[in-house]
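**Student:** Let me begin by handing over the structure; questions about it come next.
The values are calculated or read from the model by the stated rules, or taken from the named source; none is laboratory data. Since the structure is predicted, the reported quantities are computational estimates derived from the model, not experimental observations. Because the Cβ atoms are built from the backbone with ideal geometry, glycine has one as well, and the counts that use them run over all protein chains shown.
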Amino acid sequence: MPLDPDPLDLDSQKMLATASPGEHRPEHVLRMDTPVGGLALHWQGAWSAEQAPAAGALIRVILAAAGADAGAVTAAAPPPWLAAPFTAYFREPTRRIDLPVQLRGTPFQRRAWQLIAAIPPGATRTYGELAADLGSSARAVGGACRANPCPLVVPCHRVVARRGLGGFAGDRNGRLRDIKRWLLAHEGVSITA
């Protein structure tokens, strides 16, 4: 899969890795156990325990991954550059998951993800607030959240409804919404309804 030639600059968070024209990076998948269940982490780049962060990029995170959701697992353990930020966040909720990622989406989605990436741990913004910043609608912001390929890294769980939790990854009343509630509580945010 070719990498996006139009990188999204998400500040100093190393949010996007780029490739040279014609460069092919193999895709790897692994399942990582966390307090919210399994995460399927998809990344591109050479696989090596010593690999430097600049040599790879996270391309997708699947929450509540089990069985077929995780895809074909190609690595028994994540390289340290990939696992360490997730482990640090689940130990200390004020830590950002700062990784190079490859975000592919529409220009609107990419602008929305840039705003979402700026929301610090322990803070929230509403769909409407982000919509006002984007000159769009709350529903469009919800669509961008639903299309986010790297939740937790682009923390769409920090986007909430005006009156309550809102959905998460397209889920309005199930396991993923429970994960959103857990993540916010982990960061010290309490949302009712």
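**Student:** Taking segment 94-118, which residues are within 15 Å of the chain's Cα centre (by Cα) and farther than 15 Å from Cys150 by Cα?
**Tutor:** Answer for segment 94-118, where residues must be within 15 Å of the chain's Cα centre (by Cα) and farther than 15 Å from Cys150 by Cα: just Arg95.
**Student:** So for segment 176-190 (the condition being in contact with a helix residue (DSSP H, G or I) (Cβ under 7 Å, 6 or more places away or on another chain) and not in a helix (DSSP H, G or I)), does at least one residue qualify?
**Tutor:** Looking through segment 176-190, none of the residues is in contact with a helix residue (DSSP H, G or I) (Cβ under 7 Å, 6 or more places away or on another chain) and not in a helix (DSSP H, G or I).
**Student:** Additional query: Which of the residues spanning segment 26-40 are of a type in the set (Val, Ile, Thr) and in contact with a His (Cβ under 7 Å, 6 or more places away or on another chain)?
**Tutor:** Val29
**Student:** Of Gly56, Gly71, Gly135, Gly67, which residue is modelled with pLDDT of 95 or more and either more than 25 Å from His186 (Cα to Cα) or surrounded by fewer than 15 Cβ atoms within 10 Å (Cβ to Cβ) (or both)? Write out each step before concluding.
**Tutor:** Values: Gly56 fails: modelled with pLDDT of 95 or more; Gly71 fails: modelled with pLDDT of 95 or more; Gly67 fails: modelled with pLDDT of 95 or more.
Being modelled with pLDDT of 95 or more and either more than 25 Å from His186 (Cα to Cα) or surrounded by fewer than 15 Cβ atoms within 10 Å (Cβ to Cβ) (or both) holds for just one of Gly56, Gly71, Gly135, Gly67, which is Gly135.
**Student:** Assess whether Ala84 counts as being at pLDDT below 80 and not in a strand (DSSP E or B). Outline the logic, then answer.
**Tutor:** On the way: at pLDDT below 80: no; not in a strand (DSSP E or B): yes.
Taking the combined requirement at face value, the residue does not satisfy it.
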